[in-house]
Amino acid sequence: MFGVLSSLYLFAQKIEVSAQANSGLFNYSGPSATASSTISQANDNSYYTNNPYGSKKAFSYGLGVQTQLVTGCGFIIGLQTGYDILRSKTDITGVYPNGVFFALPSYYNFNILSSSQATGATYLQDMFINLNPYIGYRFHYRKVRLDILPGADIAFNINSYDKGNATTIFYNGTNYNNSTTYQTDVKRPNAPTDIRLKMGLAAYYNKFGINASYARGLTNYEKNMIGDAGYDAKSRLIRFGISYRIL
């Protein structure tokens with residue numbers, strides 16, 4: 001990519017380099033994505049979330065550098081490189097310590113408690129080195145430059161953690177007591193390289209810019225699961241960011 005940028009330099013209006021910071025909302029979709037799950041105890045006495053692929057969005061963030069060539073006619077070709085911490089959320093509704101599920105007595109019929117033996121949440125946290133090659137076009141409106149930037153994310157996973165906690169609910173026939181809080185903090189096998197289609201927008205005034213994008217994953221995070229072909233969880237990411245042009 002940088003070789004292409006260098007070879008085209010003579011035909012370009014300019015090359016721009018910017019530093020970026022972004023935040024966003026990340027989640028999973030597909031048959032395997034879930035809004036709620038349970039916590040179980042492993043053989044080593046640690047706890048893990050049975051299905052951590054949360055369909056609920058959670059706060060995520062990252063840093064990056066963008067290099068792009070802008071031709072005299074407004075055509076753009078560029079590459080963003082960055083580091084992302086992406087998190088999805090799953091509500092926890094039950095705990096299985098030592099393989100035993102906490103169940104409320106059958107005579108207690110309030111829906112909010114009979115359907116929830118524990119309360120809490122798990123966050124599946126993934127750390128990625130991300131490459132975003134893109135092409136686009138620049139429009140001008142007075143002193144504002146507006147870039148439309150379709151492209152793709154190629155995200156290489158470097159760490160994945162199951163982080164969460166849940167507090168159990170007990171009813172002894174008279175009141176609620178003996179609540180226990182369970183925590184998960186488990187390193188998971190690295191996620192596969194995530195390929196996402198991405199559409200981005202950026203607006204610049206002088207050296208400052210704001211940007212927004214939406215990326216839709218094509219990679220099935222559960223492709224190695226054995227059994228039902230319905231195992232399928234794919235990423236979704238909304239980003240908002242700011243940038244400062246260095247060159």
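The values are calculated or read from the model by the stated rules, or taken from the named source; none is laboratory data. From a predicted model like this one, the values you see are computed outputs, not experimental measurements. With ideal geometry, Cβ positions are generated from the backbone for all residues, glycine too; neighbour counts draw on all protein chains shown. Accessible surface areas use protein heavy atoms only, side chains included; no ligands, DNA or RNA. Shrake-Rupley method; radii C 1.70, N 1.55, O 1.52, S 1.80 Å.
Some observations on this one:
- Hits in the stretch 194-225 - residues which are in a loop (DSSP other than H, G, I, E, B) and farther than 20 Å from Tyr28 by Cβ: Asn206, Lys207
- Those residues of the stretch 183-193 which are open to solvent by 100 Å² or more (accessible area, probe 1.4 Å) and part of a strand (DSSP E or B), in sequence order: Gln183, Asp185, Lys187
- Only residues that are open to solvent by less than 30 Å² (accessible area, probe 1.4 Å) and at pLDDT below 85 were counted in the stretch 1-23, giving 2.
- Wholly enclosed strands (runs of 3 or more DSSP E) of the stretch 24-77 bearing at least 3 residues open to solvent by 40 Å² or more (accessible area, probe 1.4 Å) and more than 30 Å from Gln13 (Cβ to Cβ): 56-71
- Residues satisfying the stated conditions in the stretch 196-243, i.e. within 20 Å of Asn130 (Cβ to Cβ), open to solvent by 60 Å² or more (accessible area, probe 1.4 Å) and touching a Phe, Trp or Tyr at 6+ places or on another chain (Cβ under 6 Å): Met199
- Looking across the stretch 227-247, just one residue is modelled with pLDDT of 95 or more, among the small types (Gly, Ala, Ser) and within 20 Å of Asn51 (Cα to Cα), and that is Ser235.
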